[in-house]
Amino acid sequence: MSYTAHITIHASQFPENVRRDLLESLRQRRVNHKFHYDSVKQTQKWLALHQAYSPARNDADCRAIYEKSFMAAAAQIKSRRVHVIGLGCGGGQKDTRLLKLLRNHGKEVFYTPCDVSTAMVLTARQTALAVVPEKNCFPFVCDLATTDDFQKILVTPHPPARTKPLRRGEGPSLVTFFGMIPNFEPEQILPRLASLVRPKDFLLFSANLAAGKNYAAGMKKILPQYDNPLTRDWLRSFLDDLGVKRRDGDLRFAIENGRFGLKRVVANFHFRRSRRIEIGSETFNFKGGDAIRLFFSYRYTPERVEKILAKYGLEVGSQWIAKSGEEGVFLCSGASEEGR
Ligand SMILES: C[S@@+](CC[C@H](N)C(=O)[O-])C[C@H]1O[C@@H](n2cnc3c(N)ncnc32)[C@H](O)[C@@H]1O
């Protein structure tokens, strides 16, 4: 393996745009989730808490639903070459298991690990190189919430001339969107996702769910998956880096009603004393009693996933729900033209 990596970085993650988004987060007092994955330190903290709490890492049955969905996707893809586009790839563990299975089915695999965090993209690339030849791996850093020209970038082979390019349209792409939907407002991300999945493509989509018939009770049950020391420490890193002291306030978790009849877990930091944050020439003053929202996580139910995807033209063909009822994987076909 070489000692360098070629990464394509989209303008949405150029410093001036990241700064604009950070100022906006502080102005609105609602932190864009991407700022929790910014630094190597945050990435390490998130990977550690994912290892500790993610059912996909710790629950054999949950792992099994992913394997079943990967087998179903592999069975449906008839072409010999497959391009897996991992949107919000994180450490790339799930995508790599999928790539391995596709390779074992005799496919030539290509991989675009895509994430807002360069550290995550590099981690995913490293994980995937056990299965994908380096020349077939195209790491891509972008902010999915603001990247409008994704389609155009994907048809351009990058890095140029290092491999026979797999042009989109040559075979189906398999887009993965694992564990991403909870941290976005659905109306912000789903039209973008739908426009990326072309009619002959496949989408593997997973979400953490609220289990059981009683939605409110299901939400209460999963609260400890968020309100725990590792998650608190990870979320507090954002404020630490801005000079907010731990004694300046408290991090409180709650359940609230979001849009489309959905419920979500939110984490707000409540200041108990004044704190000034300076970013270049911009100053943000918080006083005791003020709050800033650090995080939210929507929890869906299988019916709610199906309904909301259909609203954007993405049809769920098959689904696998963990016995715990707390995680589900959905295999969808590409968005019809009307859904876009
Ligand atoms: C909950 S993790 C899911 C990781 C992985 N898909 C998995 O299931 O293990 C969310 C991932 O989304 C990335 N992310 C957050 N906001 C993003 C954005 N606006 N654009 C692209 N990636 C984003 C984070 O860096 C992180 O890797």
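The values are calculated or read from the model by the stated rules, or taken from the named source; none is laboratory data. Every value quoted in this text rests on a predicted model; they were computed, and no experiment measured them. Positions of Cβ are generated from backbone atoms using ideal geometry, with glycine treated the same way; all protein chains shown enter the neighbour counts. Side chains are part of the model used for accessible areas, which takes the heavy atoms of the whole protein and leaves out ligands, DNA and RNA. Shrake-Rupley method; radii C 1.70, N 1.55, O 1.52, S 1.80 Å.
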With (1) in contact with a Pro (Cβ under 9 Å, 6 or more places away or on another chain); (2) within 16 Å of the ligand (Cβ to nearest atom) as the list, and TRP234 as the residue in question, which single condition is left unmet?
(1)
Regarding ALA130, is this residue of a type in the set (A, V, I, L, M), away from the ligand (no atom under 14 Å from the Cβ) and not in a helix (DSSP H, G or I)?
yes
Answer yes or no as to whether ILE292 is in contact (Cβ under 8 Å) with a residue 60 or more places away in the chain, open to solvent by less than 50 Å² (accessible area, probe 1.4 Å) and not in a strand (DSSP E or B).
no
Going residue by residue through the stretch 122-142, is there one that turns out to be open to solvent by less than 20 Å² (accessible area, probe 1.4 Å), at negative phi and modelled with pLDDT under 90?
no
Could you please find all residues in the stretch 175-192 being more than 11 Å from the ligand (Cβ to nearest atom) and either out of contact with any helix residue (DSSP H, G or I) (no Cβ under 8 Å at 6 or more places or on another chain) or among the small types (Gly, Ala, Ser) (or both)?
PRO191
Out of GLY218, GLY243, I need the residue that is touching an Asp or Glu at 6+ places or on another chain (Cβ under 9 Å) and in a helix (DSSP H, G or I). Which one?
GLY218
For the stretch 1-120, list the helices (runs of 4 or more DSSP H) that sit wholly inside it and hold at least 2 residues that are away from the ligand (no atom under 11 Å from the Cβ), open to solvent by 30 Å² or more (accessible area, probe 1.4 Å) and closer than 30 Å to ILE279 by Cβ; which are they?
15-28, 40-53
From the option list PHE295, PHE271, single residue qualifying as aromatic (Phe, Trp, Tyr) and within 21 Å of the chain's Cα centre (by Cα) is PHE295
Members of the stretch 309-321 found to be over 21 Å from ALA75 (Cα atoms) and buried (at least 19 other Cβ atoms within 10 Å of the Cβ), listed by number
LEU309, TYR312, GLY313
Scanning the stretch 217-249 residue by residue, those open to solvent by 10 Å² or more (accessible area, probe 1.4 Å), within 17 Å of LYS41 (Cβ to Cβ) and among the aliphatic types (A, V, I, L, M) turn out to be LEU230, LEU242
